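Enquirer: Sharing a structure here in structure tokens format.
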Amino acid sequence: MSSIPLSSDAAVQPLGPTRTPVFEQRLAKRYREERNFRLIGLGAVGFSVAVLVFLLGNMLINGIGGFQRAELEVTIDFAKSGVSGDAVSLSAPTAAQTLEMQGLPDIVTFFAEEQLGKNAAREISPDGWRDVAAALIADPELIGTSKVFDLPTTSALSGALQGEGSPEMLALAERLSDQGKLARNWDWGFLARSDATTPQSVGIWGALKGSMLTMLVTLALAFPVGVLSALYLEEYAPRGRWTEIIEVSISNLAAVPSIIFGLLGLSIFLVIFPDLRSAPLIGGMTLALMTMPVIVITGRNAIKAVPPSIRDGALAVGASPMQVVFHHVLPLALPGMLTGTIIGMARALGETAPLLLIGMRAFVATPPDGFTSPATVLPMQIFLWSDEIDRGFVERTSAAIIVLLVFLLAMNGLAIYLRNKFEKRW
Amino acid sequence: MAEHTVKAFDEDITRLRGLIAEMGGLAEVAIAESLDALVRGDEVLAEQVVARDKRIDALEMEVDKLAVRIIALRAPMADDLREVIAALKIAGVLERIGDYSKNIAKRTNMIEGRARFEPLTLLPTMGELAGEMVHDVLTAYATRDPALAREVIATDSKVDGFYNSIFRNLISYMIENPSTISSAAQLLFVARNIERIGDHATNVAEMVHFAATGVYPPEGDR
Amino acid sequence: MTVIHPNMADETAKIRARDVCVFYGDKLAIDHVSIDISPNYVTAFIGPSGCGKSTFLRCFNRMNDTIGAAKVTGLIELDGEDIHGNRMDVVQLRARVGMVFQKPNPFPKSIYENVAYGPKIHGLAEKKADLDVVVERSLTRAGLWGEVKDRLEDSGTALSGGQQQRLCIARAIAVDPEVILMDEPASALDPIATAKIEELINDLSGRYAIVIVTHSMQQAARVSQRTAFFHLGKMVEYGPTSEIFTNPIEERTKDYITGRYG
């Protein structure tokens, strides 16, 4: 064996003493480079945060107004109105139509004219009577008493209250608000109502419920299929050409534009279930197709991250391959899989294009009853409202965006919570 | 034989062998010189032999220390282990051989009337034989030669034979010349010492054989 | 040519291997190895890195099956039964032939669950009371009971390295195996933990047949009664430990043991 030369090799200079001028220069340069790199990183992070703050701030500022509406105070004395009805008749599904036929809209107008004047009464929203009807249906005991209602106004009066509109409108708005009869109140009903023709009467609940139902279908279909596929590909599939082809195909599927899945839904699902256009079931199935590859990919990565020593340990104690997978690999891979699933679901929540193609863009005035009734989803609702002419819809659209963002935040929060709960250190 | 991967191990073994070789050389010289001094009555030489025995003792302690150190630090196995153990025992034996030579030298001034002492002439030959045994056995140790070790063991019977004849000689001499009994008795001890040296050399030869082959030489050789 | 020492007691072999070869793809990792493993002794496999001793050890519980590219030929019998035969269930085999790995790998569960897992899946104990008995017995035999009896619900991975390895041994013992295979069990541990493991092996050697792979010759010398020396995929020499380390027959064995290898 040759001996290793230790000292007195002419080509190598000794490194000491430490603080020579040459060394000081190099040191200063090194510190500079490191500080610059840190600053660049900080700048990048700062930029991202700034964009995020700008986006959220913009939405909040625009959307806060969407949670309010201008309302006129009208007292309605049902005893004098001549409206009849009781618990039985008012619980029928056609109760609202019955009340309409009894002339409820005119009764409302009558009381409004009496209390606020003809001009003001004209500015009550055409759907305003529906709020009164809803109250009656909810509490039939009201018939025989009188109650104060805050009825929604037209967009013109609403705009005048905020300082825009014709001089007559502005004057009317000022007079009424000075009297205390016109005010901008928090519209909690926004979160309970569904789509409508006037911006004052729209609500987000219909779309919210539709999104929830659709997400449930997506989850129920994509999660088991995705997880089981990931398990099979990682644990059981033999290494070979066919397995590689499948893996490549699934990876490519994750990159396919979402609108293609809409075409798929159109050509397959709607052919099989032609009556279920714009139902959460179809929407969910379409989105499940889109989400499944993401779950497979993250699932496979999570399974790959389980160290082979755990598997070896389980095998050595005499566990069968299935026991190894379900008792050891899956519990350890679950946090990663859950994260991947929720990320995929969050993406599906915000998708509009595929649902456009399968027809979930209809006007749906009531929240869906189940998975097979017509529904719409949050991004679709936003898209539809942004298309409307009435200026009142602008605020409502921003408010809907805020609801969507809150939903997304909740889903991500759930992901983080679940992951932390199930995380095990190995 | 290939070298150890850790060179320091080889250096330690080499040093151990060197110490044994030095001890062996000193022991050989001591045997020859002690008998020489005895036969010629050279008291100066006898004192030198006694003084040099201290060197042998010191070397034995060095061998002890080195052997213990090798066992602790190098964890020797197989033939390395046998060699170290053998070196330890050989050093002890060589030290005793040195003591016997010292003993012989001490008796130099107890012999009177040398010129007429016939048995005196037998002793150098016996001593030479014993000295050769020691020399050969150390060569066998250095070269790890089991065959040479077995030869040394075979030679011991000759030394024993010498002892028996010298013993009978001295006894009859003492009977015939009672006035020389004290000196003749000393010669008895000297002959006994040389015979013991031969036995010790045989012990060393057995250990050399064990170190080289892992087994002791067959009984019949003794 | 393998040299097998004479004078080894002629007992019935627990594991018998004949002409075993292991291929990784085209590469021959184990070259026609034959050996009888005794049920009464600790057998050590020694040899330089890459000589195949771990590969050969893994043949005994068919762990090489999990490596796709590995192919095993030849005959391996456990108590006279061919472990690659149709009638042998590999899951059952692995319960009868347990294994402890180089790096301690307790499950990320509680200490109790780690030990109870094996008996549960093999149906050896189902009621909590029975499992408690098995867990306590296994941990006691592994020399860990005193240290963990008050914290059985703590995670197995929260223990020190030496304790984790003893936990893995307890886990292997819990299914009542006949053979325990140990692949360099102490190489990741400090000297005190190593000594405890070696003492444990001494205690266990009466009840189980133990085969240990080690790259420390001193450990093989301390712990085993039989030693096999492997070199480049072949078994070079097999004999009683005391003879292998004081008077080996093969030159290659001697060179390796005395540190003259390489």
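Enquirer: State the extension gain, in nm to one decimal, for the chain segment bounded by A:S84 and A:A135, taking 0.36 nm per residue of separation less the distance between their alpha-carbons.
Expert: Working: separation 51, 0.36 × 51 = 18.36 nm, distance 1.41 nm.
Extra length from A:S84 to A:A135 when fully extended: 16.9 nm.
Enquirer: Please report the orientation-averaged projected area of chain A, defined via the convex hull of its C-alpha atoms, in nm².
Expert: Quarter of the Cα hull surface area: 38.4 nm².
Enquirer: While we're looking at this one, here's another question. Could you give the length gained by full extension between A:V49 and A:E164, i.e. 0.36 nm per residue of separation minus their alpha carbon distance, to one decimal place?
Expert: 37.9 nm
Enquirer: So what is the orientation-averaged projected area of segment A:294-415, using the convex hull of its C-alpha atoms, in nm²?
Expert: For the Cα atoms of segment A:294-415, the hull's average projected area reads 10.2 nm².
Enquirer: Turning to a different aspect of this structure: For B:S182 and B:E62, what is the calculated FRET efficiency with R₀ set at 45 Å and r taken between the beta-carbons, to the nearest 0.05?
Expert: FRET efficiency, B:S182 to B:E62: 0.70.
Enquirer: Here is a follow-up. Please report B:M133, A:M322 as a ranked list, fewest other C-beta atoms within 10 angstrom at the top and most at the bottom.
Expert: A:M322, B:M133
Enquirer: Simple spin-label model, 7 Å along Cα-to-Cβ: B:R69 to C:I67 in nm?
Expert: 4.5 nm
Enquirer: Right, here's the next one. Using only Cα atoms, locate the centre of segment A:239-303 and the centre of segment B:137-207, then give the distance between them in Å, rounded to an integer.
Expert: Here the answer is 103 Å between Cα centres.
Enquirer: Work out, in µm²/s and without decimals, the Stokes-Einstein translational diffusion coefficient of segment A:72-185 at 4 °C, 1.567 mPa s, Rh from Kirkwood over C-alpha pairs.
Expert: Reported coefficient: 89 µm²/s.
Enquirer: Between A:A255 and A:V148, how high is the FRET efficiency from 1/(1 + (r/R0)^6) when r is the Cβ-Cβ distance and R₀ = 51 Å? Nearest 0.05.
Expert: My answer for the efficiency is 0.30.
Enquirer: Another question, if that's okay. Report D for segment C:1-130 in µm² per second (integer): Stokes-Einstein, Kirkwood Rh on Cα pairs, 25 °C, 0.890 mPa s.
Expert: 145 µm²/s
Enquirer: Between segment B:57-116 and segment A:344-382, how many Å separate their Cα centres?
Expert: 102 Å
Enquirer: Taking the C-alpha atoms of the protein assembly as shown, how large are the radius of gyration and the largest Cα-Cα span, Dmax, in Å?
Expert: For the protein assembly as shown, the Cα-based Rg and Dmax read 49.6, 174 Å.
Enquirer: Indicate the helices, whole DSSP H runs only, in chain A that combine a mean Kyte-Doolittle hydropathy of 0.0 or more with a Cα extent along their long axis of 24 angstrom or more.
Expert: Details: long enough: A:21-64 (62 Å, 0.52); A:205-231 (38 Å, 1.57); A:280-304 (34 Å, 1.15); A:330-349 (27 Å, 1.35); A:392-422 (46 Å, 1.27).
Helices meeting the criterion: A:21-64, A:205-231, A:280-304, A:330-349, A:392-422.
Enquirer: Can you give me the relative contact order of chain C as a percent, contacts being Cα pairs under 8 Å and 6 or more apart?
Expert: Averaging sequence separation for qualifying contacts and normalising by length gives 29 percent for chain C.
Enquirer: Seen from all sides and averaged, what is the projected area of the convex hull of the Cα atoms in chain C, in nm²? Let's see the in-between values first.
Expert: On the way: hull surface 57.0 nm².
About 14.2 nm², averaged over all directions.
Enquirer: Further question on the same structure: For peptide C:88-101, how many partner chain Cβ atoms fall within 10 Å of a residue's Cβ, on average?
Expert: 3
Enquirer: Moving on. Return, for the Cα atoms of segment A:1-116, the radius of gyration and Dmax in Å, separated by a comma.
Expert: For segment A:1-116, the Cα-based Rg and Dmax read 41.2, 116 Å.
Enquirer: Once you treat every alpha carbon in segment A:205-422 as an equal point and sum by Debye, what is log10 I(q)/I(0) at q = 0.08, 0.14, 0.16 Å⁻¹?
Expert: Those come out to -0.34, -0.88, -1.06, one per q.
Enquirer: Among A:98-109, C:41-52, how do they line up by average Cβ neighbours within 10 Å per residue, starting with the highest?
Expert: Those peptides, ordered most packed to least, come out C:41-52, A:98-109.
Enquirer: Within 10 Å, count the other beta carbons around each residue, average over each peptide in B:139-152, C:215-228, C:169-182, C:12-25, and list them highest first.
Expert: C:169-182, C:215-228, B:139-152, C:12-25
Enquirer: A follow-up question, please. What order do you get for C:V213, A:V225 when you list them from fewest to most C-beta neighbours inside 10 Å?
Expert: Numbers: C:V213 25, A:V225 16.
Starting with the residue having the fewest Cβ neighbours, the order is A:V225, C:V213.
Enquirer: Over the residues of chain B, compute the C-alpha Rg and express it relative to 2.2 N^0.38 Å.
Expert: 1.12
Enquirer: Sticking with this one: Which distance in nm do the two modelled labels at A:A362 and A:K118 give, with both placed 7 Å along the Cα-to-Cβ direction?
Expert: It is 4.3 nm.
Enquirer: Work out the mean other chain Cβ neighbour count within 10 Å for the residues of B:71-81 and drop it here as an integer.
Expert: What the average comes to for B:71-81 is 5.
Enquirer: May I ask for the net charge around C:L159, where only other residues with Cβ less than 10 Å from the Cβ of C:L159 are counted and Lys, Arg are +1 while Asp, Glu are -1?
Expert: Working: positive: C:R151, C:R166; negative: C:E147, C:D154.
Summing Lys/Arg as +1 and Asp/Glu as -1 gives 0.
Enquirer: Would you mind counting up the charge near C:D183? Only other residues with Cβ under 11 Å from its Cβ, with Lys and Arg at +1 and Asp and Glu at -1. Could the numbers behind the result be given before it?
Expert: Working: positive: C:K53, C:R58, C:K103; negative: A:D312, C:E184.
Here the count lands on +1.
Enquirer: If you take each beta carbon of peptide C:247-259 and count the beta carbons of other chains within 10 angstrom, what is the mean?
Expert: Mean partner-chain Cβ count within 10 Å for C:247-259: 5.
Enquirer: Right, next: Sorted by average packing, counted as other Cβ atoms within 10 angstrom per residue and highest first, what order do B:14-24, A:274-284 take?
Expert: Highest mean packing first, the order is A:274-284, B:14-24.
Enquirer: Stick to Cα atoms and the Kirkwood definition of Rh, then tell me Rg/Rh for segment C:164-262.
Expert: On the way: Rg = 14.4 Å, Rh = 14.5 Å.
With Rg and the Kirkwood Rh in hand, the quotient comes to 0.99.
Enquirer: With each label point set 7 Å from Cα along the Cα-Cβ vector, what nm distance links A:M101 and C:H5?
Expert: 10.9 nm
Throughout, read-outs are computed from the coordinates displayed, never taken from laboratory work. Bear in mind the structure is a predicted one, so any value in this text is a computation, not a measurement. All Cβ positions, even for glycine, are placed from backbone atoms using ideal geometry, and neighbour counts span all protein chains on display.
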